[in-house]
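The values are calculated or read from the model by the stated rules, or taken from the named source; none is laboratory data. Predicted model, so just to flag it, every value in this text is computed and none were measured. Backbone-built Cβ (ideal geometry, glycine too); neighbour counts: all protein chains shown.
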Amino acid sequence: MPALARQSLKASSDQSEFLQDVLHGLHQSPPTLPCKYFYDRAGSQLFEEICRLDEYYVTRSEIDLLQQCSRQIAQHIEPSTTVIEPGAGAGVKAAILLDAMPSPRAFVPLEISASALEEATQSLHKHFPGLDIHPLEGDFTADPQDIRSALPETDNTLIFFPGSTIGNFSAPEAVEVLGNLSTLAGEDGHILVGADQIKDRQRLTNAYDDEKGITAEFNKNILKRINRELDANFDLSGFVHRAIYNESLDRIEMHLVAKGDQRVTVSGHTFEFADGTFIHTENSHKYSDDSFRRLTQQAGLQMVQNWSNGEVALYLLARSR
């Protein structure tokens, strides 16, 4: 009988961690907010809407690439492999990969949003009724040993990390994340990473500033969540969404910009934002094959194979020998 009971890595101090992260970020110059807190129920739903937008090519292009090369990927993977997907979202891409794999042993969606985790688990259970599914609620940047202790026993592991989520991290952070994923995969495991590639500035900017304003709503949702959960009083109408391509760092930056002077309290802590202040909410780094290879080498990994369709790339990694 497939396992569907959800496990959680979360501790009782989650809300205080949220508060500490927000206070720490807002005290920076310029102020920041951690993008992982985008993903409450509303944020997860908004992101699914973003993935369906014409401007947001990343999801569509990665699904197309997976459909083209999933059989080739599967040739590198041992039978009875457990697939772990950090930041699983809706699980659409995992379904393509699992379909192509030789008798996968189990699937572990690891997701910070409880609502997204539940929806993905139910959808995948319908698609793969005989597959053991072990939903795990938590932050994939947690200690990999804590995550491993919550996983089913397995001889072979594939970490599936699509969506260019790796691009949300600075280069040193990305190296650390890849190192943690390597620990999670184990000595003989593999990591399959999706990464967005460098391309035309306007195409990149449009993908993060759509005409319908869904991305703007997604960006502002973090303020709405802070208001609701941390007793804050951000005036959402007092901030506007901005997406900027930083060519020197090969990344899209998302910001919330104050329209006029703002005075905000968060759990009794007061912050002053002058007119035009940028609150930095997310980065999305873009890569060439060479720049991504440098990250993998710094993390003690080697590139087994890579695939690209000119928009996005998939990199199959293993520990360097």
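Residue-by-condition table, conditions (1) basic (K, R); (2) more than 20 Å from Y39 (Cα to Cα):
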| position | (1), (2) |
| --- | --- |
| T215 | no, no |
| I226 | no, no |
| L230 | no, no |
| F239 | no, no |
| K259 | yes, yes |
| F273 | no, yes |
| I279 | no, no |
| S284 | no, no |
| S291 | no, yes |
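Name the single residue that is farthest from the chain's Cα centre (by Cα) among those in region 22-42 being within 17 Å of N283 (Cα to Cα) and part of a helix (DSSP H, G or I). Spell out how you get there, then give the answer.
So in region 22-42, the residues within 17 Å of N283 (Cα to Cα) come out as 22, 25-26, 28-39.
Subset that is part of a helix (DSSP H, G or I): 22, 25-26, 35-38.
On the way: V22: 19, G25: 19, L26: 22, C35: 9, K36: 8, Y37: 11, F38: 10 Å.
Among those residues, the one meeting the criterion is L26.
Does region 236-288 hold any residues that are touching a strand residue (DSSP E or B) at 6+ places or on another chain (Cβ under 6 Å) and of a type in the set (S, T, N, Q), and which are they?
N246, Q262, T277, T281, N283, S284
Please pick out the residue among I191, I244, I252 that is assigned to a strand (DSSP E or B), of a type outside the set (G, A, S), in contact with a Ser or Thr (Cβ under 8 Å, 6 or more places away or on another chain) and surrounded by fewer than 18 Cβ atoms within 10 Å (Cβ to Cβ).
Sole residue among the options that is assigned to a strand (DSSP E or B), of a type outside the set (G, A, S), in contact with a Ser or Thr (Cβ under 8 Å, 6 or more places away or on another chain) and surrounded by fewer than 18 Cβ atoms within 10 Å (Cβ to Cβ): I244.
Is one or more of the residues making up region 281-297 part of a strand (DSSP E or B), in the same structural domain as H190 (by TED's automatic domain parsing) and aliphatic (A, V, I, L, M)?
no
Restricting attention to region 88-122, which residues are in a loop (DSSP other than H, G, I, E, B), more than 17 Å from H190 (Cα to Cα) and touching a residue at least 40 places away in the same chain (Cβ under 8 Å)?
Of everything in region 88-122, those that are in a loop (DSSP other than H, G, I, E, B), more than 17 Å from H190 (Cα to Cα) and touching a residue at least 40 places away in the same chain (Cβ under 8 Å) turn out to be G89, A90, I112, S113.
Of the residues E272, E282, which single one is among the acidic types (D, E), at pLDDT 95 or above and surrounded by fewer than 21 Cβ atoms within 10 Å (Cβ to Cβ)?
Working: E282 fails: surrounded by fewer than 21 Cβ atoms within 10 Å (Cβ to Cβ).
Of E272, E282, the one residue that is among the acidic types (D, E), at pLDDT 95 or above and surrounded by fewer than 21 Cβ atoms within 10 Å (Cβ to Cβ) is E272.
Scan region 200-219 and give yes if some residue there is surrounded by 19 or more Cβ atoms within 10 Å (Cβ to Cβ), touching a Gly at 6+ places or on another chain (Cβ under 7 Å), in contact (Cβ under 8 Å) with a residue 24 or more places away in the chain and not charged (D, E, K, R), otherwise no.
Yes - at least one qualifying residue is present in region 200-219.
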